[in-house]
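First the structure, in the form of structure tokens, and then the observations on it.
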Amino acid sequence: MVPLNWYMWLGAVVFSVGMFGFLTRRNVIIMFLSIELMLNGVNISLVALSHYMQDLRGQVLTLFIIAVAAAEAAIGLAIVIAMFRNRQTVHVDEIKEMKG
Amino acid sequence: MVEAFFIYFALMVVFCSVMVVSRKNPVHSVLWMLVMFFHVAGLYLMLNAEFLAATQIIVYAGAILVLFLFVIMLLNLKEEIATEHSVGGWPGGLALAVSFLLFALLAFTGFTVKASGKWSIQEVSRLTHTKALGKVLYTEYLFPFEVASVILLVAIVGAVVLAKKKLKS
């Protein structure tokens, strides 16, 4: 039997890798992929906790997270397309219209 | 034996995650993400969550990643591969991520929970996982389920509104 904290560690590692990618990459699409990585790290922890607590609530929450991730990807990528159409770039450090 | 499977899946998930954030070409990142999703689905199978494993593959790998690939192919990639791939302040991001990781690793050392719920492995496998999940989802979580459908509707309408060209009036 794999101990619960191995799963929690794995979730934390995936979340940190996603956090690193979100904070450091210039490309908006890779930043969205990093958000998906972070959500997956949390999902791993939730499913593991739900299995070890013998309670299905964590898995229901994971289903909702997957639904919200799909909605977020659709909206986010639509924003990327609109941004690329107006600015011809997907680099976040070149988008600074709102900076005073 | 189970530990060996877990270690294989965990190492592959971590390796693929690092590849996702480190590749220059976004298409390569998306393809590494695909491998990573399949291994996460394998972990869900190890945790007796068959329905979630199927959902992971169908929704994440089948729908979300295809959407990402479509958008990447709509954009211009040539310039992206030639330029610097991280922002100037990347050591700060690395420090923040590493400190969060150390915090989480220390926090989860020796972390255990009590098996207190009523959905034991025997109970779930007697009903089958999909049915058990449906029972919880459509009774206890009916209202959040409806809210999720509204969120998806908002996403559909919002994506169309944001991505379509302005009409010339």
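Checked against the criterion of being on the phi > 0 side of the Ramachandran plot, out of contact with any Phe, Trp or Tyr (no Cβ under 6 Å at 6 or more places or on another chain) and free of Cβ contacts under 8 Å to residues at least 60 places away in the same chain, the stretch A:47-70 contains not a single residue that satisfies it. Within the stretch B:1-36, being of a type in the set (D, E, K, R) and part of a helix (DSSP H, G or I) holds for one residue alone: B:Glu3. Criterion first (among the polar types (S, T, N, Q) and modelled with pLDDT under 85) does B:Ser86 satisfy it? Considered against the rule, which asks whether it is among the polar types (S, T, N, Q) and modelled with pLDDT under 85, B:Ser86 comes out as yes.
Has the stretch A:74-81 got any residue that is among the β-branched types (Val, Ile, Thr) and closer than 20 Å to B:Thr112 by Cβ? The answer is no; no qualifying residue exists. Selection over the stretch B:126-146 of residues that are aliphatic (A, V, I, L, M) and surrounded by fewer than 13 Cβ atoms within 10 Å (Cβ to Cβ) gives a count of 1.
In the stretch A:78-88, the condition of being open to solvent by 40 Å² or more (accessible area, probe 1.4 Å), touching a Gly at 6+ places or on another chain (Cβ under 8 Å) and assigned to a helix (DSSP H, G or I) is met by no residue.
Okay, residues lined up against (1) out of contact with any Leu (no Cβ under 8 Å at 6 or more places or on another chain); (2) closer than 21 Å to B:Val27 by Cβ; (3) of a type outside the set (S, T, N, Q):
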{"site": "A:Gly21", "(1), (2), (3)": "no, yes, yes"}
{"site": "A:Met31", "(1), (2), (3)": "yes, yes, yes"}
{"site": "A:Leu56", "(1), (2), (3)": "no, no, yes"}
{"site": "A:Val60", "(1), (2), (3)": "no, no, yes"}
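So which residues in the stretch B:79-96 are in contact (Cβ under 8 Å) with a residue 24 or more places away in the chain and in a loop (DSSP other than H, G, I, E, B), if there are any at all? Scanning the stretch B:79-96 gives a single hit, B:His85. Screening the stretch A:31-41 for residues that are open to solvent by 10 Å² or more (accessible area, probe 1.4 Å) and in contact with a Phe, Trp or Tyr (Cβ under 8 Å, 6 or more places away or on another chain) and picking the one that is nearest to B:Ala53 (Cα to Cα) gives A:Met38.
For B:Thr55, the conditions (1) more than 7 Å from chain A (Cβ to nearest Cβ); (2) crowded, with 17+ Cβ neighbours inside 10 Å; (3) not aromatic (Phe, Trp, Tyr) all hold with the exception of (1). Taking every residue in the stretch B:43-66 that is over 20 Å from B:Ala10 (Cβ atoms) and pairing it with any residue that is open to solvent by 40 Å² or more (accessible area, probe 1.4 Å), at least 6 positions away or on another chain, the pairs with Cβ-Cβ distances below 6 Å are B:Phe51/B:Thr130; B:Leu65/B:Leu34.
Going by what's in this entry, would B:Ser99 be described as free of Cβ contacts under 8 Å to residues at least 40 places away in the same chain, open to solvent by less than 70 Å² (accessible area, probe 1.4 Å) and within 8 Å of chain A (Cβ to nearest Cβ)? No: the conditions fail for B:Ser99.
Looking only at residues in the stretch B:1-52 that are touching a Ser or Thr at 6+ places or on another chain (Cβ under 7 Å) and among the hydrophobic types (A, V, I, L, M, F, W, C), the one that is surrounded by the fewest Cβ atoms within 10 Å (Cβ to Cβ) is B:Phe51.
Among the candidates B:Val157, B:Val136, B:Val150, the residue that is outside the structural domain of B:Phe70 (by TED's automatic domain parsing), hydrophobic (A, V, I, L, M, F, W, C) and within 28 Å of A:Leu4 (Cα to Cα) is uniquely B:Val136. If you go through the stretch A:1-30 and pick out every residue that is open to solvent by less than 30 Å² (accessible area, probe 1.4 Å) and assigned to a helix (DSSP H, G or I), you end up with 16.
When the residues of the stretch A:42-56 are filtered to those that are open to solvent by 30 Å² or more (accessible area, probe 1.4 Å) and more than 7 Å from chain B (Cβ to nearest Cβ), the one that is nearest to the chain's Cα centre (by Cα) is A:Val42.
Of all residues in the stretch A:61-75 being within 17 Å of A:Met31 (Cα to Cα) and not charged (D, E, K, R), which is most open to solvent (accessible area, probe 1.4 Å)?
Only one residue fits best here, namely A:Val68.
The values are calculated or read from the model by the stated rules, or taken from the named source; none is laboratory data. Fair warning: this is a prediction, and the values are worked out from it, not measured in the lab. All Cβ positions, glycine included, derive from the backbone under ideal geometry; neighbour counts span all protein chains shown. Surface accessibility is based on the protein's heavy atoms, side chains included, excluding ligands, DNA and RNA. Shrake-Rupley method; radii C 1.70, N 1.55, O 1.52, S 1.80 Å.
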